[in-house]
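First up is the structure itself, then whatever we jot down about it.
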Amino acid sequence: MIKTAIRLTILLFLLWGFLGYSQDKKNFSNIPNILQQIIPNDRIDSWVLVYNSYGKNQEIRTSGDKKDYTPQFSGFNLFPDEDSFYYIVYATGGKMNYITDLEGLKKFVGKIDNAEEAAIILTTDGYMVDEEFKDVAGNYYEDSANYYLDLGKLTSKECPYQKTHYTLTVSKSSGVVSKVKDNGTYIELYNKKCANNPRLLKIQKKVEPKDEPKKSTQRK
């Protein structure tokens, strides 16, 4: 009886600890800081993360001895419709390599080492950390087995412009997404040209004229 009670007590403490740990949500930082958390799995001599805005390059992270490289005129974004872009330059075996798209970034990241890398990998499927709405589309929590990421996704570029938020369960060991929960739309924007703009439809709606009484054609 005493052994059973002890076991139940230990089980309850473990359960409370697990729930407390797994529900401790953390907001992702901004995009540059997310990218700085990359831990490449391949053997790399050095690498540089470059941010380009209005044609100006800014090195926001350097790892290893920096080598001379050629500035790039295109790159990748982790947020749709950004005017700026990022690219990565890395040296391996005396050769300079350039990453300018999301697929190349995914290969560079390799095995997922942290929640930031999980978010980066998921951008190749259209998900994003929405910096303006972190409470619903830019946070995560974790347990010993998985990362649980709340991310956004642009689900309509037509009228109305729409974003939906999801909770994705990502395995720490394999990097596989085992579950995707649709949490619904969190932003919906109409513009003046939207044919289905509810405000515009309300303004354009006309009151049907009442039928006027017909004049009598009979002579008195």
Inset, instruction - For residues that are within 14 Å of TYR140 (Cα to Cα) and without any contact (Cβ under 8 Å) to a residue 40 or more places away in the chain, tally how many sit in region 157-197. - result: 7
Legend entry - Yes/no for ARG7 being out of contact with any Lys or Arg (no Cβ under 9 Å at 6 or more places or on another chain), among the basic types (Lys, Arg) and at pLDDT below 85: yes
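Please indicate, with yes or no, whether at least one residue in region 155-167 is exposed (fewer than 11 other Cβ atoms within 10 Å of the Cβ) and at pLDDT below 95. Show your work before the answer.
Within region 155-167, the subset exposed (fewer than 11 other Cβ atoms within 10 Å of the Cβ) is 157-158.
Cutting the leftovers down to at pLDDT below 95 gives us 157-158.
Yes, there is a match, as at least one residue in region 155-167 is exposed (fewer than 11 other Cβ atoms within 10 Å of the Cβ) and at pLDDT below 95.
With ASN41, ASN33 as the choices, which residue is at pLDDT 50 or above and within 16 Å of the chain's Cα centre (by Cα)? Break it down stepwise before answering.
Numbers: ASN41 fails: within 16 Å of the chain's Cα centre (by Cα).
Criteria check complete, one pass: ASN33.
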Legend entry - Total residues in region 105-140, condition closer than 26 Å to SER74 by Cβ and either free of Cβ contacts under 8 Å to residues at least 24 places away in the same chain or open to solvent by 30 Å² or more (accessible area, probe 1.4 Å) (or both): 9
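Looking at region 68-88, which of its residues are aliphatic (A, V, I, L, M) and part of a strand (DSSP E or B)? Steps first, please.
Start the filter on region 68-88 by keeping residues that are aliphatic (A, V, I, L, M), which leaves 78, 88.
If the condition is that a residue be aliphatic (A, V, I, L, M) and part of a strand (DSSP E or B), then ILE88 is the only one that fits.
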Inset, instruction - Please determine, by comparing only the residues of region 45-67 that are part of a loop (DSSP other than H, G, I, E, B) and either among the aromatic types (Phe, Trp, Tyr) or without any contact (Cβ under 8 Å) to a residue 24 or more places away in the chain (or both), which one is surrounded by the fewest Cβ atoms within 10 Å (Cβ to Cβ). - result: TYR54
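In the set SER84, SER74, which member is surrounded by fewer than 16 Cβ atoms within 10 Å (Cβ to Cβ), closer than 19 Å to LYS106 by Cβ, among the small types (Gly, Ala, Ser) and touching a Ser or Thr at 6+ places or on another chain (Cβ under 6 Å)? Don't jump to the end; show me each part of the working.
Numbers: SER84 fails: closer than 19 Å to LYS106 by Cβ.
It is SER74.
Being part of a helix (DSSP H, G or I), at pLDDT 95 or above and in contact with a strand residue (DSSP E or B) (Cβ under 9 Å, 6 or more places away or on another chain) is true for just one of ALA119, ALA91. Which residue is that? Before you say what the answer is, go through the steps one by one.
Details: ALA91 fails: part of a helix (DSSP H, G or I).
Within the list ALA119, ALA91, the selection yields ALA119.
The values are calculated or read from the model by the stated rules, or taken from the named source; none is laboratory data. The structure presented is a predicted model; accordingly, all values stated were derived computationally and were not measured. Cβ atoms come from the backbone with ideal geometry, glycine included; neighbour counts cover every protein chain shown. Protein only, heavy atoms only, side chains kept; ligands, DNA and RNA dropped before computing areas. Shrake-Rupley method; radii C 1.70, N 1.55, O 1.52, S 1.80 Å.
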